[in-house]
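Only one structure is covered here, and it is reproduced in the block below.
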Amino acid sequence: MEYDTKGKVLKKAVVWKDLYFYRKSDAIYQLTVDFCHRFLPLYGDRTVDQMVQAARSGKQNIVEGSEDGQTSSEMEIKLLNVARGSLQELRSDYLDYLNTHHLAVWSSDNERQQRLRDFCHSHNDFSDYEPLVVKMNDEEMANLLLTL
């Protein structure tokens with residue numbers, strides 16, 4: 001623990017940009033924006049706003065929780081739980097998309113799913129996915145996002 005000049009106890013600052021789960025959530029946010037622009041109507045469908053906001057909330061609450069965690073562990077935990085909830089909401093939106101469009105949700109024994117899981121395990125940043133997703137259709141991209 002560190003002490004500031006007034007004798008208050010502060011937790012060591014966390015560099016949220018370096019956090020594994022922040023980097024994943026940033027990739028999810030950017031990929032979600034791309035997915036929505038490519039595969040959902042830009043007007044007249046609240047799904048786009050809901051999905052983008054859920055992805056953004058996941059990312060931003062990690063930032064805020066990490067910052068607030070210097071002074072309040074309770075607030076840090078609450079905000080990280082909000083981030084988790086937002087990302088679970090987004091997960092449900094991708095499952096709904098696949099189901100309503102009669103597309104496959106890849107099972108864990110699917111070879112493509114296994115390759116995706118291996119790739120996602122060792123790639124955390126949007127730049128890792130950007131060259132791949134331009135070639136993906138909606139089913140592939142939704143399954144990628146579910147895997148992330």
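The values are calculated or read from the model by the stated rules, or taken from the named source; none is laboratory data. No experiment lies behind these values; they were computed from the predicted model shown. Cβ: placed from backbone, ideal geometry, glycine included. Neighbour counts: every protein chain shown. These accessible areas exclude ligands, DNA and RNA; they are computed on the full protein's heavy atoms, side chains included. Shrake-Rupley method; radii C 1.70, N 1.55, O 1.52, S 1.80 Å.
What to note about this one:
- Residues that are of a type in the set (D, E, K, R) and within 22 Å of CYS36 (Cα to Cα), drawn from the stretch 50-67: ARG56, LYS59
- Looking only at residues of the stretch 73-111 that are open to solvent by 30 Å² or more (accessible area, probe 1.4 Å) and touching a residue at least 60 places away in the same chain (Cβ under 8 Å), we find that the one that is nearest to SER25 (Cα to Cα) is LEU87.
- Members of the stretch 35-72 that are open to solvent by 60 Å² or more (accessible area, probe 1.4 Å) and over 13 Å from the mean Cα position of the chain (by Cα): HIS37, ARG38, PRO41, LEU42, TYR43, GLY44, ARG46, ASP49, GLN50, GLU64, GLU67, THR71
- Taking the numbered list (1) in contact with a strand residue (DSSP E or B) (Cβ under 9 Å, 6 or more places away or on another chain); (2) at pLDDT 80 or above in turn, THR71 passes all entries but (2).
- Qualifying positions in the stretch 112-129 - among the acidic types (Asp, Glu) and open to solvent by 90 Å² or more (accessible area, probe 1.4 Å): ASP118
- For the stretch 103-139, residues that are in a helix (DSSP H, G or I) and among the hydrophobic types (A, V, I, L, M, F, W, C) total 6.
- Selection from the stretch 84-93 of residues that are under 12 Å from LEU145 (Cα atoms) and either within 12 Å of the chain's Cα centre (by Cα) or not in a helix (DSSP H, G or I) (or both): LEU87, GLN88, LEU90, ARG91
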